[in-house]
Amino acid sequence: MTSPPAVPMPLTGDEARRRAELRRMKATAVGLLLVATAVFVASALAGEDAPGWVAYVRAAAEAGMVGGLADWFAVTALFKHPLGIPIPHTAIIQKRKDDIGSGLGSFVSDYFLTPEGITERLGEAHVAERLGAWMAEPANAGRFARQLLTVGGSMLDAVREDEVREAIEDAVVRRLRTTPTGPAAARVLELVVDEGRHQKLLSVILKRLGEVLEVNRETLRTRMYTESPWWVPNTVDDVVFDRLHDVATRYLFDLAADPDHQLRQSIDLQMEQLVIDLARDPATGRRADELRDELLDHPQLREWTGSIWVDLKERIKATAADPDEATLARIAAAIAGFGRGLVDDPALSAKANGWLTTTAVSLADQSRDEIGNYIATTVQGWDTAEAAQRIELQVGRDLQFVRINGTVVGALAGVVIYTIGQLLG
């Protein structure tokens, strides 16, 4: 597979400090090696007439030089070719950069993005309580309210009307279809009948019908002329119409004004019987379910639900585009109240933390491979030499102690080995 083109690595804020520390530690390691070299040269030039202890010093310096040089080679070989010579198995990080990236991605995805690790870390972080404390601050709640309106208004454009209609049907219509209509309607009608609300509504309806007859008197008269046989004189039609109209109008007004009228008492009995039938009669219940299904299947109902969503969406977008202070204050107060609830209510915060943990674990589980591949691809895209330099900046200072220790430990080992040799000789 072809590696992606190399890209510059992002600079970090403490890069200058790390470079200075690395240079200082390199100078210390080189200085110690030069000291060992100078001591070795001086002791070697002392000749055969030098005191006996000079031999021990020479052995220490010689071993210190070897240890320092060996460790210099080992440390340098990690990041580049020593002295620029392409010796096999040197510049390891540059050659294995892509493998290091793949290994780092696998390490993060396998050992960091585990359900146990995420659950433990989020449990220790108390995210809900900290978020609640932030939201409870009035200034933060105000900023959150503005951002919420802005984001909410933008997200509405991405929502399709047909998807909303389907969601409404799934959440409401399907639930209504599976709920028996008879018992529910019986409970509603029982409340209406017990408190006499149906009589008040009936009075209003009867009165409005009487007013409609009065207002449309001439329209109804003209209609009667049209429907009446041609051979009946208009004067006869007028007498008949006036008589019928007056009787009907007066009867409606009388019914509206008299709650104890016989007809209205009959309506009461019919309503009470309907309540009983809806609650207990299977045939009446089936008929109620049929009427419910006819209403839910009516095309105008779908148009109505769609129009509600369109109107609501436009109103929300208009509010989000230019919110007034009162709206912002109400939203901010709600956000702050919810934040205080997260802080003060242990049950609510526990539920929120549980939801956050479950969501984070689910997202990590779904994205584990993608995150590992992202890390591997990112490392593969880095410039090889620059990546080695950056890694050296991170760990090079500590590796210089390896060089220093190699010189010191080598010198001590040289003295010990020389001493043992002298004793055995």
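Summary of computed values
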| read-out | value |
| --- | --- |
| Net length gained if the chain between Glu386 and Asp260 were fully extended (0.36 nm per residue, minus Cα distance) | 35.6 nm |
| Span from the the range 24-69 Cα centroid across to the the range 253-270 one, whole angstrom | 123 Å |
| Chain lengthening between Met155 and Leu191 when straightened (0.36 nm per residue, less Cα-Cα) | 8.8 nm |
| Among 107-116, 24-33, the order from most to least packed when residues are scored by Cβ within 10 Å on average | 24-33, 107-116 |
| Net lengthening on full extension, Arg24/Leu424 (0.36 nm per residue, minus Cα-Cα) | 139.8 nm |
| Nitroxide proxy distance, nm - points 7 Å out along Cα→Cβ at Phe112 and Ala334 | 3.8 nm |
| Three-way shape call for the range 230-322 based on the alpha-carbon gyration tensor, with the a/c threshold at 1.5 | oblate |
| Using distinct alpha-carbon pairs, which all enter the 1/r mean, Kirkwood radius of the range 34-104 in Å | 14.5 Å |
| Net charge over other residues, Cβ less than 12 angstrom from the Cβ of Thr114 (K, R count +1; D, E count -1) | -2 |
| Charged-residue dipole, Cβ positions (Lys, Arg, Asp, Glu), the chain about Cα centre, Debye nearest 20 | 1980 debye |
| Local net charge near Asp242, Cβ-Cβ under 15 Å (Lys/Arg +1, Asp/Glu -1) | 0 |
| Charge sum, other residues only, whose C-beta stays under 13 Å from Thr377's C-beta, Lys/Arg counted +1 and Asp/Glu -1 | -2 |
| Packing-based order for 229-235, 333-339, using average beta carbon neighbours within 10 Å, highest first | 333-339, 229-235 |
| For the range 292-402, alpha-carbon Rg and Dmax in angstrom | 27.0, 85 |
| With Cα atoms, 0 to 90° folded angle of helix 53-79 axis to the chain main axis | 30 degrees |
| Stokes-Einstein diffusion coefficient of the range 1-156, Kirkwood radius over Cα pairs, 4 °C, 1.567 mPa s, in µm²/s | 57 µm²/s |
| Folded to 0 to 90 degrees: helix 299-321 orientation relative to the chain principal axis, Cα | 50 degrees |
| Anchor Lys97: lysines whose Cα lies under 29 Å away (excluding residues fewer than 8 positions away in-chain) | Lys26, Lys80 |
| Euclidean distance of C-alpha centroids, the range 203-218 and the range 99-132, integer Å | 73 Å |
| Extreme residue, positive dipole direction of the range 234-371, given options Leu328, Val275, Leu252 (C-beta unit charges) | Leu328 |
| Cα long-axis angle, helix 127-136 against the chain (0 to 90 degrees, to the nearest 10) | 60 degrees |
| Long-range HN-HN contacts of Trp382 with modeled amide H, under 5 Å | Val7 |
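Computed from the coordinates by the stated procedures, all read-outs in this text should not be read as laboratory data. As the structure is a prediction and not an experimental result, all values here were calculated from the model. Neighbour counts are summed over all protein chains in view; Cβ atoms, including those assigned to glycine, are modelled from backbone coordinates with ideal geometry.
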